[in-house]
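S.K.: Next up is a structure, given as structure tokens.
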Amino acid sequence: MSDLAIPLLALERVHKCFGDYAAVTDVSEQFAPGELTCVIGPNGAGKSTLLNMICGTLPITEGSITFGGKAIDALSPEEIARLGIARKFQMPSVFESLSVIDNLRLAGAEREWVEEIIRKIGLQEDRHLKGADLPHGKKQWLEIGMALVMKPKVLLLDEPTAGLSVDETRKTAGFLKELNGEVTVIVIEHDMAFVRQLGARTIVLHHGSVIASGPFDEIERNDTVRDVYLGRR
């Protein structure tokens with residue numbers, strides 16, 4: 001992130017403890033408007049816990065989270081969502097009895113914006129299919145579209161390529177990169193090929209702490225990160 005960029009979202013020394021267990025420890029990160037960021041790490045590294053604190057479904061134990069310079073860590077998930085932070089969970093949740101276009105229209109957005117979103121997620125030809133008739137990958141895309149149609153300032157994605165084919169994963173990377181500059185996107189992901197395709201700033205968590213943060217090509221060459229993924233640490 002450029003030193004000149006004003007952070008839209010900032011975490012300052014954030015901790016999350018469950019009893020004596022520290023799930024997240026002393027995380028300080030900033031996210032610029034329109035920035036795409038990946039958060040990676042082994043299972044149990046604290047990735048989902050971090051997103052849960054940002055969107056308010058888990059209270060922080062210590063530290064602060066600010067959005068647009070204002071503290072949000074004491075707000076409810078509904079209040080945080082209204083401010084402009086949208087969350088997509090790992091498993092897609094769409095209205096299966098409604099068509100693709102009607103799922104997107106539920107937000108009451110202008111027709112032109114709905115059409116722009118359906119183009120971005122590549123479901124123009126499926127616009128009249130019911131959610132129940134979509135394959136898993138396209139349901140993932142539709143749910144991302146349902147979040148985007150609300151015009152969030154921050155979009156949180158929890159493993160958006162889970163269960164996707166290689167081609168679907170490639171297409172997902174394509175439209176997320178197209179969002180660069182339009183919305184701040186934070187992606188949790190295990191698929192390193194997908195993270196490589198995104199080529200975004202990458203944060204690496206291990207045992208709840210940030211062990212590396214920077215451009216993906218630097219992260220990929222980081223010996224400490226390699227040791228973590230190979231189980232040496």
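Here is a yes/no grid of residues against (1) more than 17 Å from the chain's Cα centre (by Cα); (2) among the β-branched types (Val, Ile, Thr):
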{"residue": "Arg13", "(1), (2)": "yes, no"}
{"residue": "Ala23", "(1), (2)": "yes, no"}
{"residue": "Gly34", "(1), (2)": "no, no"}
{"residue": "Val39", "(1), (2)": "no, yes"}
{"residue": "Lys47", "(1), (2)": "no, no"}
{"residue": "Ser76", "(1), (2)": "yes, no"}
{"residue": "Ile101", "(1), (2)": "yes, yes"}
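S.K.: Oh, and also: Could you tell me which residue of region 12-26 is farthest from Thr224 (Cα to Cα), considering only residues that are open to solvent by 40 Å² or more (accessible area, probe 1.4 Å) and not hydrophobic (A, V, I, L, M, F, W, C)?
M.R.: Per the criteria, the residue is Gly19.
S.K.: Looking at Ala86, Ala22 in this structure, which one is in contact (Cβ under 8 Å) with a residue 60 or more places away in the chain, part of a strand (DSSP E or B) and out of contact with any strand residue (DSSP E or B) (no Cβ under 6 Å at 6 or more places or on another chain)?
M.R.: Ala22
S.K.: Same structure, new question: If you go through region 27-62 one residue at a time, how many are open to solvent by 40 Å² or more (accessible area, probe 1.4 Å) and more than 19 Å from Leu155 (Cβ to Cβ)?
M.R.: Here the count works out to 6.
S.K.: Here's another thing I want to ask about it. Could you check, for region 69-77, whether at least one of its residues is closer than 24 Å to Phe175 by Cβ, surrounded by fewer than 17 Cβ atoms within 10 Å (Cβ to Cβ) and either in contact with a Gly (Cβ under 8 Å, 6 or more places away or on another chain) or at pLDDT 95 or above (or both)?
M.R.: There is no residue in region 69-77 that is closer than 24 Å to Phe175 by Cβ, surrounded by fewer than 17 Cβ atoms within 10 Å (Cβ to Cβ) and either in contact with a Gly (Cβ under 8 Å, 6 or more places away or on another chain) or at pLDDT 95 or above (or both).
S.K.: While we're on this one: With respect to Ser165, is the statement that it is at pLDDT 95 or above, hydroxyl-bearing (Ser, Thr, Tyr) and surrounded by fewer than 18 Cβ atoms within 10 Å (Cβ to Cβ) true?
M.R.: Considered against the rule, which asks whether it is at pLDDT 95 or above, hydroxyl-bearing (Ser, Thr, Tyr) and surrounded by fewer than 18 Cβ atoms within 10 Å (Cβ to Cβ), Ser165 comes out as no.
Each row is one residue, and each column tells you yes or no for (1) more than 30 Å from Asp227 (Cβ to Cβ); (2) in contact with a helix residue (DSSP H, G or I) (Cβ under 8 Å, 6 or more places away or on another chain); (3) among the charged types (D, E, K, R).
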{"site": "Ile60", "(1), (2), (3)": "no, yes, no"}
{"site": "Gly63", "(1), (2), (3)": "no, no, no"}
{"site": "Thr66", "(1), (2), (3)": "yes, no, no"}
{"site": "Ile72", "(1), (2), (3)": "yes, yes, no"}
{"site": "Ser76", "(1), (2), (3)": "yes, no, no"}
{"site": "Glu79", "(1), (2), (3)": "yes, no, yes"}
{"site": "Leu106", "(1), (2), (3)": "yes, yes, no"}
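S.K.: Of all residues being part of a loop (DSSP other than H, G, I, E, B) and more than 15 Å from Ala86 (Cβ to Cβ) in region 104-114, which is most open to solvent (accessible area, probe 1.4 Å)? Just the residue, please.
M.R.: Restricting to residues being part of a loop (DSSP other than H, G, I, E, B) and more than 15 Å from Ala86 (Cβ to Cβ), the top hit is Glu110.
S.K.: It is to be established whether one or more residues within region 137-157 are of a type in the set (Lys, Arg), within 16 Å of the chain's Cα centre (by Cα) and either modelled with pLDDT under 95 or surrounded by 14 or more Cβ atoms within 10 Å (Cβ to Cβ) (or both).
M.R.: Yes: one or more hits.
S.K.: Out of (1) farther than 21 Å from Gly131 by Cβ; (2) without any contact (Cβ under 8 Å) to a residue 60 or more places away in the chain; (3) buried (at least 22 other Cβ atoms within 10 Å of the Cβ); (4) not basic (Lys, Arg), what's the single condition that is false for Thr202?
M.R.: Condition (2) is where Thr202 drops out.
S.K.: Could you tell me which numbered condition Glu96 fails, if it satisfies all but one of (1) without any contact (Cβ under 8 Å) to a residue 40 or more places away in the chain; (2) surrounded by 15 or more Cβ atoms within 10 Å (Cβ to Cβ); (3) in contact with a helix residue (DSSP H, G or I) (Cβ under 7 Å, 6 or more places away or on another chain)?
M.R.: Status for Glu96: all satisfied but (2).
S.K.: Quick check on Glu218: is it touching a His at 6+ places or on another chain (Cβ under 9 Å), open to solvent by 30 Å² or more (accessible area, probe 1.4 Å), at negative phi and not hydroxyl-bearing (Ser, Thr, Tyr)?
M.R.: No.
S.K.: Identify, by number, the condition in (1) open to solvent by 70 Å² or more (accessible area, probe 1.4 Å); (2) within 17 Å of the chain's Cα centre (by Cα); (3) farther than 26 Å from Ala81 by Cα; (4) among the acidic types (Asp, Glu) that Glu182 doesn't meet.
M.R.: Condition (3) is where Glu182 drops out.
The values are calculated or read from the model by the stated rules, or taken from the named source; none is laboratory data. The structure presented is a predicted model; accordingly, all values stated were derived computationally and were not measured. Quick reminder, even Gly has a Cβ in these numbers, built from the backbone with ideal geometry, and neighbours come from all protein chains shown. When the accessible area is computed, the model is the full protein with side chains, heavy atoms only, and any ligands, DNA or RNA have been set aside. Shrake-Rupley method; radii C 1.70, N 1.55, O 1.52, S 1.80 Å.
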